[in-house]
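A.B. asks: The structure that follows is given in the form of structure tokens.
What follows draws every value from the coordinates through simple rules; no lab data is involved. Just so you know, these numbers come straight off a predicted model, no measurement behind them. With ideal geometry, Cβ positions are generated from the backbone for all residues, glycine too; neighbour counts draw on all protein chains shown.
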Ligand code: NAD
């Protein structure tokens, strides 16, 4: 099959890690007889240097025209970079918000998977880490409290602030459908997280999720209150497969789930919309402190590329081949410095990309 991929390396370690993901994609194309074409686009500080703003309308249009977008990371050393002396709307991170909005992405997926080889980095009790976990947190991205009407006023000398949490059924339905579709590609168990004992928006969320569930009889659905979910994530993370939730709950729970894996250089992510076009990127930033040294861990970006194969291109077998190759490299004892452990073999960014590509 033929796919056209927009590559946005960005700043800091971005170009180094995206290059390794491309190497792995090229290997997939070679083995499975696909054709991937690439188009490099500028976003972030490098775009400020070239065009004075972090994402031009022309670049956004090019990204929209691609089959999918793979992003490294944007931004520089915040306290020490000329990119932050300009209008906030033109700064590196403004490009991220603009591209997510421009591509109409409403669902964010962050997997949290504990590799047996890295379980010493997991901050949970040994018995819990030994059981392992493999889940995705699916967060609604464009509605809820972060986008509702807000105001701060003063009434009779007392300051008062209001935020509003609004969801309509269409916003809930479209992300629920995505959640069920992803559950169908995994273990077919979906836990919808809400606060239905208190919030009307959560009661509507629960009702719509139950309606959508009728079209996916193979998927088991349970509902969990968000406070309980926060506890269960550290008590028994192995019980989760797909966690579906609204914007603010997802913001907090996805960070909690990332934290229990313990390794920032391993965390991939995807943002999806109504079409197959998605934005795939590591969960970490541009790490300017280690840029250009060939020491960054490219695995989060490589796993993001695997998500692109699965969710945008429906190449499930190829995605699994990439994930298995990552697993095999860890089993074989190769580590970048951020995940280095005694008795393992230290490799740089490029060598890690090579080791993964040759195992596909
Ligand atoms: P960061 O994630 O870039 O780095 C935090 C720490 O983790 C650093 O010590 C870094 O060296 C390390 N690290 C991160 N990724 C790594 C990898 N792949 N391999 C090895 N070590 C890795 O977060 P930060 O320092 O808070 O932010 C740096 C810049 O990145 C800022 O300009 C920030 O705005 C930007 N940022 C961008 C994104 C994005 O593009 N999506 C996300 C977060 C932060």
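A.B. asks: By the gyration tensor of its Cα atoms, with a ≥ b ≥ c the square roots of the eigenvalues, what is the shape of the stretch 200-241: rounded for a/c under 1.5, prolate for a/b over b/c, or oblate?
C.D. replies: oblate
A.B. asks: Hey, what D do you get for the chain in µm²/s if you plug the Kirkwood alpha-carbon radius into Stokes-Einstein at 20 °C and 1.002 mPa s? Walk me through the numbers before you get to the answer.
C.D. replies: Details: Rh = 21.2 Å.
Once the numbers are plugged in, D ends up at 101 µm²/s.
A.B. asks: Another one. Using only Cα atoms, what is the ratio of the radius of gyration of the stretch 1-114 to 2.2 N^0.38 Å?
C.D. replies: 1.14
A.B. asks: Also, I was wondering about something else. Would you mind classifying the stretch 93-159 by shape? Square roots of the alpha carbon gyration tensor eigenvalues, ordered a ≥ b ≥ c; an a/c under 1.5 is rounded, otherwise it is prolate if a/b is larger than b/c and oblate if not.
C.D. replies: Note, shape of the stretch 93-159 comes out oblate.
A.B. asks: Next question. Between residue 198 and residue 346, how high is the FRET efficiency from 1/(1 + (r/R0)^6) when r is the Cβ-Cβ distance and R₀ = 35 Å? Nearest 0.05.
C.D. replies: Values: r = 50 Å, r/R0 = 1.44.
Result of the calculation: an efficiency of 0.10.
A.B. asks: What does the convex hull of the alpha-carbon atoms of the stretch 262-355 project to on average, in nm²?
C.D. replies: Values: hull surface 26.0 nm².
Averaged projected area of the stretch 262-355's Cα convex hull equals 6.5 nm².
A.B. asks: May I ask you to give the average projected area over all directions of the convex hull of the Cα atoms of the stretch 53-211, in nm² rounded to one decimal?
C.D. replies: Working: hull surface 62.2 nm².
Hull-based average projected area comes out at 15.6 nm².
A.B. asks: Next question. When the Cα centres of the stretch 122-177 and the stretch 59-80 are compared, how far apart do they sit, in Å?
C.D. replies: 24 Å
A.B. asks: Specify whether the C-alpha gyration tensor of the stretch 49-112 places it in the rounded, prolate or oblate class, a ≥ b ≥ c being the square roots of the eigenvalues: rounded for a/c under 1.5, otherwise prolate if a/b is larger than b/c and oblate if not.
C.D. replies: On the way: a/c = 2.24, a/b = 1.43, b/c = 1.57.
Since a/c reaches 1.5 but b/c is at least a/b, the shape of the stretch 49-112 is classed as oblate.
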